[in-house]
Amino acid sequence: MSLNSKVAIITGSSSGIGAEIAVKLASMGATVVVTGRQSDRIQEVVNKCQTLLSKTADEHRSQVVAYGVSCDLTDDKDVDRLIGSVVDKFHRIDILVNNAGVGSRSQFLSDGNEYFSQYDQLMDMNLRSVQRITRLVIPYLIETRGQIVNISSIRSRLAAPKNFAYSMSKAAIDAFTLALAKQLAPLGVRVNIVSPTTTRTPLWKTVYGTDQLVDSMAATMKYTCPLGRIGEPIDVAEAVAYLVSTNSLTKTLITGQTVPVDGGVLCSGVRHNYSVK
Ligand SMILES: NC(=O)c1ccc[n+]([C@@H]2O[C@H](COP(=O)([O-])OP(=O)(O)OC[C@H]3O[C@@H](n4cnc5c(N)ncnc54)[C@H](OP(=O)(O)O)[C@@H]3O)[C@@H](O)[C@H]2O)c1
């Protein structure tokens, strides 16, 4: 499953699922671009990836396993700078994982204008910024016959009444992926989706200010998730690794598809209705 000589940009890789994807792809030989807004957290993930190199002692491998760049994806100039610095440094891009995303607590029926202000911020991050970075990277992916993986959510299909905007943003990412997969297939670029269920990451604390919710969801999922557990970031990272590794001819025929990492939640029709105190 070697990704030697491939350059992979993983957005939102300073935390949670993205950090695990960066470490996983680095362990497979890729040079990973670790990005987010918080430099200290970016550096932690870069260090983790570099530790892999010292452990594997692969003399054929570039000394740069991970390259950290801080970037606010909602700032167009910052995104231009990110891609510019990656191209200046590595002269190629093979993989783009659009992972960065935010949640929101705002309620559609009860939160008045506050709902629309959070809606605008969420759509800016979860939807507009994904299109912007993708468009910038596509010319390089065409050169390398590369790949895009978009991190969606089961919420795109199992909409959450308590989180309209988030569910809508992920449904739009699904539609974007399908259209893009069709458009880029003749150019040799594959575009797929990984769609996680509830996963134990810092996102929950960021949105709700407490780890209590994710702990209670983990407990509930023993019973409500057919496979009996909450997702972990490594579950999602393994699915991304499966899609981007080209070690079989069959995989190079997969595009416009969704890999749900959901413990069977989507197929079971289980109703998730966690109460947030
Ligand atoms: N956790 C779940 O239950 C779950 C379930 C389904 C899908 N997902 C999806 O999985 C993806 C990753 O989520 P996660 O749970 O790993 O969240 P997380 O731990 O909160 O990480 C989010 C990442 O996005 C980055 N980010 C946020 N806003 C940004 C901005 N404006 N510019 C640049 N980077 C930004 C954060 O970096 P900084 O804070 O450093 O900016 C961080 O690296 C998201 O798309 C999410 O919707 C999560």
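So which residues in the stretch 73-93 are within 13 Å of the ligand (Cβ to nearest atom), assigned to a loop (DSSP other than H, G, I, E, B) and buried (at least 16 other Cβ atoms within 10 Å of the Cβ), if there are any at all? Listed by number, the residues that qualify are L73, T74. For the stretch 96-114, filtered to residues that are away from the ligand (no atom under 14 Å from the Cβ) and closer than 29 Å to L180 by Cβ, the residue that is surrounded by the most Cβ atoms within 10 Å (Cβ to Cβ) is S106. Of the set (1) surrounded by 14 or more Cβ atoms within 10 Å (Cβ to Cβ); (2) away from the ligand (no atom under 13 Å from the Cβ), all apply to D124 but (2).
Scanning the stretch 186-199 turns up no residue that is surrounded by fewer than 20 Cβ atoms within 10 Å (Cβ to Cβ), farther than 29 Å from Q131 by Cα and more than 15 Å from the ligand (Cβ to nearest atom). Every condition in (1) in contact with a helix residue (DSSP H, G or I) (Cβ under 7 Å, 6 or more places away or on another chain); (2) of a type in the set (V, I, T); (3) within 16 Å of the ligand (Cβ to nearest atom) holds for T255 except the one numbered (3).
For beta carbons closer than 6 Å, sequence separation of 6+ or different chains, a first residue in the stretch 208-225 that is closer than 15 Å to G264 by Cα and a second that is more than 14 Å from the ligand (Cβ to nearest atom) and in a loop (DSSP other than H, G, I, E, B), the qualifying pairs are K222/G228; T224/V270.
Among the numbered conditions (1) more than 16 Å from the chain's Cα centre (by Cα); (2) at pLDDT below 95; (3) within 13 Å of the ligand (Cβ to nearest atom), the only one that I230 does not meet is (2).
Do we have any residue at all in the stretch 38-47 that's touching a residue at least 24 places away in the same chain (Cβ under 8 Å) and either assigned to a strand (DSSP E or B) or of a type in the set (A, V, I, L, M, F, W, C) (or both)? Yes - at least one qualifying residue is present in the stretch 38-47. From the list Q121, Q147, Q212, Q131, the one residue that fits, being farther than 22 Å from L96 by Cβ and under 20 Å from the mean Cα position of the chain (by Cα), is Q121.
The values are calculated or read from the model by the stated rules, or taken from the named source; none is laboratory data. Please read all numbers here as calculations on a predicted model, not as lab measurements. Reconstructed Cβ throughout: ideal geometry from the backbone, glycine too, with neighbour counts over all protein chains shown.
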